[in-house]
Each structure stands twice: as structure tokens, then as C-alpha cells.
Amino acid sequence: MSKVLIIGAGGVGRVVVHKCVQAKDVFSAITLASRTKAKCDAIAAEIAHFPIATAQVDADNIVETAALIRREKPNLVLNVALPYQDLAIMEACLETGVDYLDTANYEPRDTAKFEYHWQWNYQDRFRDAGIMALLGSGFDPGVTNVYTALAAKKYLDVIEEIDIIDANAGSHGQPFATNFNPEINIREVTALCRHWQDGRWIETPALATKRSFDFPDGIGPMNIYRMYHEEMESLVKHFPSIRKAQFWMTFSDNYLKHLEVLQNVGMTRIDEVEFQGQKIVPLQFLKAVLPDPGSLGPLTKGKTCIGVVAKGIRGGRKKQVYIYNICDHQVAFKETNSQAISYTTGVPAVTGAIMMLTGAWHKPGVWNMEQFDPEPFLERLAVLGLPTQIREDDQWLQLT
Ligand code: NDP
């Protein structure tokens, strides 16, 4: 039985707490810490019959975070704060000799760069300290890495192309809002698009390439837009046979219209500007006036469908496999008080934690999800609420 310290009390942190409580065979004690303790207390109050300890921490501060870890003595630190805190929390784990897990790669505040090298650089230090870091244990990155590993392990002799396709076919009825932290979300979708082709990254303008994809489970055709996403970097490294890797996401016309205007007027800038004698970052100001993603939970209806289309060769012939999950916003909300975007991130975070704490996935060093056996993870993920669906095809179907 294990004790976990969860850092970050946002939408994902809420789901992580609810789900850890459900996994009674693994977690015997839970501490939830965040910058604003009141948010931790509010989540703890939602949980009956299981005491959740709460604490205040500034996770940018290594000394403070290490002191919290020493006091709480967890077996694992589960980081669901923001990507800015990743390195500081990894340092605190090194100081205290405790395993680490996160759901998004480190980002420096002043440039929207989605690269693993900062965290991969910790490989030797984690290995030498005998502790483990599991990177990107959300849905994408996270489950999409595991789906790719499953395609390579069970369905294809050689994996040649992947399309990671993320649909939010739900609606919250607001004119413009993001489904998770607006600052992180808008940095991601406005970043230059990169996809992998024949051994190099090809750069194109953000969201400039559009296709249509016919989603399963009654969702039907939706427009998808190509963008960069961090899991492609680790996947093309760990599966060098992949010649082409692309990431696609659905956006409503309404979302794109608002985003274009916000960009044109400078509200998505991440550099400081002078305003009435004060320095402000326009995107951080925008975050303050947009709806809190946490408030969208009761309003959001519909489903998400996130998956990987993997193309390759099996038995000398072309073969395609589509591995995906469908998650319903209202079902997720009923169970955890959070919509499906937070749910599909929090459930894989807890599943990754269970893999580490039970020893199913455990080795010292810094690892991405696809470097472990996908099957025990997907079995537990299904038990925790995110079942995997699979469609096989004897031909390669092109996106139109
Ligand atoms: P929220 O903004 O809702 O929550 C973030 C939480 O972190 C807040 O409680 C915030 O505190 C806390 N926090 C921020 N800075 C600090 C700090 N310095 N010290 C301590 N706590 C801090 O974000 P989400 O819950 O939506 O997202 C959480 C993480 O999940 C993010 O890293 C995001 O990128 C990732 N994610 C991953 C996905 C995946 O599929 N892999 C998908 C979606 C999200 P306060 O409230 O006081 O600001």
C-alpha cells in the first residue's frame, strides 16, 4: 500500500484525487498540495469516507517542495500542476529520493517550446539515485504513446505512419472557453505546426492544414487541424521505423474565429507589455477573464474521441489499426465533478502511478510511456473508466 503526494488542485488534480480513492488496493494515503490550499480543501471535501490531507506549496520553489516531500514521506509525487513546475518538482524528488510522474513536458515560461530535452537530461541523475520519472502520463501525451506501443507490439510487424487524432465532440455552450488551463491550451494551439516526415521535422503555420475524419460511436465527420504535439518527439525516437507522424485536433469554427481575433489583437502574446505602469503578459490577462475551465463541467455535453491511426506492414501486407477511446463528458462529471478533458488526463495519470507503485512498470531513470509494456497499463486504464477500442483494416486509409 502506498502514499501519494499530488501537486496541483485544478481540473486534473480533482480527477486524480477521486480516482486514487477508488483504487483502494494501491493507495492507503493521499496528500493534495497546491499553490492555493483552499482549492485542495474544496476537492478534499468532495470525498466521503477517505481522509485527504491538504497542504500549501509553491512548487516553483525546490526547497519548499522538498520540505513538503520530507514531511509527507510519499512513495510517489504525482505532478498535475503546470508544465512550468516540472523541473523544480523533479529536482525536489531527486533531493528526497522519491519517484516522479507528470502529464505534460516542461515548458519555459518565456517561449512556448514543447521539447523533452530538459527532462531527458535528468536520465543519469534519476538512474544514479535509483528513482524513476514517468513523463507524460495523461491522454495525449500518455495513452496515445501506449496505443502506439500496442500497435507496434500486437498489430504491425513494422510501424510506418501514425496519425494521432484528438476530437472533442462536446459543447459547453460558451462563446469562447478552453477545456483546460487557457494559458497552456492557447500556447499549444498557436505554436508553429511541426510534423515528422522521412527523418526530419517539417514546419508549417499553426492550424493551416485541415482534413475531415469520420469519428466512431455516432460522432461522425468533423474537421481536424494539424498541429505540433509533444508525444511525436518521443515516439519517433523510440520507434525509428516511423516515417511520418502527425497530430490532429478538432476545433469548432467558433473557437477558431475567436482565436484568430485574439491573436490579431495581440491577446495571445506571452511576452511582457507595459500597462498603466505595470508589466503584464497579455495571455495571462486573457486567462483571468476567460471562463475557468473548472466551471464548464456541469455545462459540457457530448463525447471525446482520442486515438491513434497506425499504418504499417503485417505478414508482408499493408495493414492499418485505429486504437481509440470514447469518453462522455456528462458521465465523467457525474463520477468526478470534472468534464472529460480533465477525466481523460487524470485517469491515465493514476493508472501510470499504479503501474509504478505496483512494480508493473518500474526502473530507475527517466522514461516515456511507450518504453513499457502497453498491455497491463491498458487493462488497468479500462478498469478505471477508459476502455480501449480497436478497428483493423487491410488497407491504408488516407485522411481526406
Ligand atoms: P489547472 O490550471 O486547472 O490547474 C493547475 C493547478 O496547478 C492549479 O491548482 C494551480 O494552482 C496549480 N499550480 C500552478 N502553479 C503552481 C505552483 N507554482 N505551485 C503549486 N501549484 C501550482 O490545470 P489542469 O488541471 O487543467 O492541468 C494540469 C496539468 O495537466 C497541466 O500541466 C496540463 O498541461 C496537463 N494536461 C495534460 C493533458 C494530457 O493529455 N497529457 C491534457 C490536459 C492537461 P492555482 O489554482 O493556485 O493557480
Pick from A104, A177, A129: which is in contact with a strand residue (DSSP E or B) (Cβ under 8 Å, 6 or more places away or on another chain) and small (G, A, S)? A104
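Would you tally the residues in the stretch 279-322 being assigned to a loop (DSSP other than H, G, I, E, B), crowded, with 16+ Cβ neighbours inside 10 Å and touching a residue at least 40 places away in the same chain (Cβ under 8 Å)?
3
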The conditions are (1) surrounded by 14 or more Cβ atoms within 10 Å (Cβ to Cβ); (2) within 15 Å of the ligand (Cβ to nearest atom); (3) assigned by TED's automatic domain parsing to the domain that holds S234; (4) closer than 30 Å to M90 by Cα, and H329 fails exactly one of them. Which is it? (4)
Limited to the stretch 359-397, what total is found for residues that are assigned to a strand (DSSP E or B), under 25 Å from V98 (Cα atoms) and more than 18 Å from the chain's Cα centre (by Cα)? 1
Only one of S338, S342 is part of a helix (DSSP H, G or I), of a type in the set (S, T, N, Q) and within 24 Å of I6 (Cα to Cα). Can you tell me which? S342
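The values are calculated or read from the model by the stated rules, or taken from the named source; none is laboratory data. The shown structure was predicted, so the numbers you read here are calculated from the model rather than taken from an experiment. With ideal geometry, Cβ positions are generated from the backbone for all residues, glycine too; neighbour counts draw on all protein chains shown.
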